[in-house]
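Before any comments, here is the structure.
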Amino acid sequence: MLTFVIVSSTIRKDSKKTIKSVVGGQERFDVLARCLLNLDRWKERIEHDLNLIIYLSHPEEQISLNIPLKMLPSTLNGELDSVFGLINIFSKPELSNSKFINIEFGDLMEDLSKSATIYYLNPDGDPLTKLSEQLDKDTNMCFVLGSQHDLSEIQEQVLYKIKAHHVSLGEQDYLASHVITTICYQFLP
């Protein structure tokens, strides 16, 4: 299993989401839609089952949305499909076997660390290429990254506490969707 946890402090579970609000940049829902699209493109190309966990970390919400990619009804054909698909998942998660869970970030990471090796993407980490042997051995991996903002200091402390491996893609900043592509590329047969 290859899981990506994407933390967003701007997206709210129950706010109204329409194609117009996404295009307008409200909440930056478009960032998550591109991440979903990229993961969907990889689900048939690598041997790992893919899972996306969106963590809504707004101060008034501490909620995770778990989306198993193999349960999506069909392949996404572009950004609009991805936006509509994610809007549908937010409104009716049960149709794609997705699930919202009220959970604090620390508890989510503790739970995930029981069954997966946790990797935290940040510029101060070890180069991804240095970890290629370890990635080949791991069967359950979880990569944690921010969406359009970095993780909070408290969230980073949680990752230090659970001894997450810090991984870097270099000194430049990348879009979350590009990070997903770079990581998935490591798992091509």
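Looking at this structure, is VAL31 β-branched (Val, Ile, Thr), under 22 Å from LEU2 (Cβ atoms) and assigned to a helix (DSSP H, G or I)?
Yes: the conditions hold for VAL31.
Taking region 50-72 only, how many residues are out of contact with any helix residue (DSSP H, G or I) (no Cβ under 7 Å at 6 or more places or on another chain), over 18 Å from ASP150 (Cβ atoms) and modelled with pLDDT under 90?
Total meeting the criteria: 3.
Suppose we keep only residues that are in a loop (DSSP other than H, G, I, E, B) and at pLDDT 90 or above within region 134-185. Which one would you say is surrounded by the fewest Cβ atoms within 10 Å (Cβ to Cβ)?
The initial filter retains those residues of region 134-185 that are in a loop (DSSP other than H, G, I, E, B), namely 138-140, 147-152, 162-164, 169-175.
Filter again for at pLDDT 90 or above, leaving 140, 162-164.
Numbers: ASN140: 15, ILE162: 14, LYS163: 10, ALA164: 23.
The residue in question is LYS163.
Any residue in region 62-83 that's in contact (Cβ under 8 Å) with a residue 60 or more places away in the chain: show its pairings with residues that are aromatic (Phe, Trp, Tyr) and surrounded by 16 or more Cβ atoms within 10 Å (Cβ to Cβ) at Cβ separation under 9 Å, as long as the two are six or more apart or on different chains.
VAL83/PHE29
For (1) in contact with a Phe, Trp or Tyr (Cβ under 8 Å, 6 or more places away or on another chain); (2) among the β-branched types (Val, Ile, Thr), each residue gets a yes or a no:
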| residue | (1), (2) |
| --- | --- |
| ILE46 | yes, yes |
| ILE54 | no, yes |
| GLU60 | no, no |
| ILE67 | no, yes |
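Name the residues in region 154-180 that are touching a residue at least 60 places away in the same chain (Cβ under 8 Å), in contact with a strand residue (DSSP E or B) (Cβ under 9 Å, 6 or more places away or on another chain) and hydrophobic (A, V, I, L, M, F, W, C), would you?
ALA176, ILE180, listed by residue number.
Out of all the residues in region 102-115, is one or more of a type in the set (Ser, Thr, Tyr), closer than 23 Å to ARG45 by Cβ and surrounded by fewer than 13 Cβ atoms within 10 Å (Cβ to Cβ)?
no
Scan region 31-64 for residues that are aromatic (Phe, Trp, Tyr) and within 13 Å of the chain's Cα centre (by Cα) and jot them down.
The answer is TYR55, and nothing else.
If you check every pair at least six apart or on different chains, which have Cβ atoms under 8 Å apart with a residue in region 141-153 that is closer than 16 Å to ASN66 by Cβ first and a residue that is part of a loop (DSSP other than H, G, I, E, B) and among the small types (Gly, Ala, Ser) second?
MET141/ALA116; CYS142/ALA116; VAL144/ALA164
Identify, by number, the condition in (1) more than 15 Å from the chain's Cα centre (by Cα); (2) assigned to a helix (DSSP H, G or I) that SER115 doesn't meet.
(2)
Looking at (1) more than 16 Å from the chain's Cα centre (by Cα); (2) in a loop (DSSP other than H, G, I, E, B); (3) aliphatic (A, V, I, L, M), which is the one condition that is false for LEU80?
Of (1) more than 16 Å from the chain's Cα centre (by Cα); (2) in a loop (DSSP other than H, G, I, E, B); (3) aliphatic (A, V, I, L, M), only one is false for LEU80: (2).
Filter region 81-98 down to the residues that are within 18 Å of LEU50 (Cβ to Cβ) and either small (Gly, Ala, Ser) or in contact with a Phe, Trp or Tyr (Cβ under 8 Å, 6 or more places away or on another chain) (or both) and list them by number.
SER82, GLY85, LEU86, PRO93, SER96, SER98
The values are calculated or read from the model by the stated rules, or taken from the named source; none is laboratory data. All values reported here derive from a predicted model rather than from experimental measurement. FYI the Cβ positions are ideal-geometry reconstructions off the backbone, even for glycines, and counts take in every protein chain you see.
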